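Enquirer: This is the structure I want to talk about, given as structure tokens.
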Amino acid sequence: MSKIITKILTPALKLWLNSQVEKLETLNLSIEGSDYQFLSGYIPEIILDSHQLVYKGLSLEEIKLKARNIRINVGQILRGQSLKLLKDIKISGEVAISNESLKASISSTMLQDSIKYLLNILLEHKEFTKFSRRISNMTFQLKEINIDCSNITIQVVSLYEEVIESITIKLRPNITSTQTLSLKEVEIRGLSGLDTCLDREILLDLGPDFCINQLSLNYGKLSCQCELKIYS
């Protein structure tokens, strides 16, 4: 590794990464490129390997990422200013989250909002028509998420007209396409008269900025190979 990358670029990148997350216990960086490329504001490739990273309250146990063709504000960095991206980039890699990580992330706004989004998707299906008004007026709080070898079980506490009830959602995630997540064998239990099993799969659009290439559940851990677009 060149002297400029070692003395200037690596610390600047680590500082920028720490500014993007809430917690970062271990971080290993591998930077490909020459001094000439760096001084022109171009980094061919960065490989990141981290453990116990917390992003927006979501705890990730393992994360291995790779980014290519990165443009940065080299002139400002050399004057001691913070690193900034000058061009959108795509990051690819592997991410893993365990039951222990999920337990530590229960209060995460990102996780809570994801569960609310899932419930809203479920309400669009005819099996829940007679319950949709009741559920839509409820206040929900995520209580627990558990991963086993093939399913994810979600426990939610609901409040409706001062009555507290518990809802359990069980589902099996799969990939239909790189931008579509499939939820199969969906079961909802807990509310009086609401126990229901869906015969068909539910498709979730992941949007244009996120792709999943591989997804697996194994021994209390969810692992996925994915791509994410980061805007400058």
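The values are calculated or read from the model by the stated rules, or taken from the named source; none is laboratory data. In this text the structure is predicted, and so the values were computed from the model without any measurement. Counting neighbours? That spans all protein chains shown, and the Cβs are built from the backbone with ideal geometry, glycine included.
Enquirer: In this structure, is S92 surrounded by fewer than 16 Cβ atoms within 10 Å (Cβ to Cβ), in a strand (DSSP E or B) and either at pLDDT 90 or above or touching a strand residue (DSSP E or B) at 6+ places or on another chain (Cβ under 6 Å) (or both)?
Expert: Yes; evaluated as a whole, the condition is true for this residue.
Enquirer: For the stretch 144-167, give me the residue count where each residue is assigned to a strand (DSSP E or B) and modelled with pLDDT under 90.
Expert: Matching residues across the stretch 144-167 total 10.
Enquirer: Also, quick follow-up: Would you confirm whether any residue within the stretch 102-112 is loosely packed, with under 13 Cβ neighbours inside 10 Å, among the hydroxyl-bearing types (S, T, Y), more than 21 Å from Y36 (Cβ to Cβ) and out of contact with any Cys (no Cβ under 6 Å at 6 or more places or on another chain)?
Expert: There is at least one residue in the stretch 102-112 that is loosely packed, with under 13 Cβ neighbours inside 10 Å, among the hydroxyl-bearing types (S, T, Y), more than 21 Å from Y36 (Cβ to Cβ) and out of contact with any Cys (no Cβ under 6 Å at 6 or more places or on another chain).
Enquirer: Another question, then. Quick one: T10 ticks every box in (1) in a strand (DSSP E or B); (2) over 18 Å from the mean Cα position of the chain (by Cα) except a single one, so which number is it?
Expert: Only one criterion is unmet by T10, namely (1).
Enquirer: Would you mention how many residues in the stretch 38-60 are in a strand (DSSP E or B) and closer than 18 Å to Q20 by Cβ?
Expert: Count: 14.
Enquirer: Return yes when K221 is modelled with pLDDT of 90 or more, loosely packed, with under 15 Cβ neighbours inside 10 Å and on the phi < 0 side of the Ramachandran plot and no when it is not.
Expert: The answer is no for K221.
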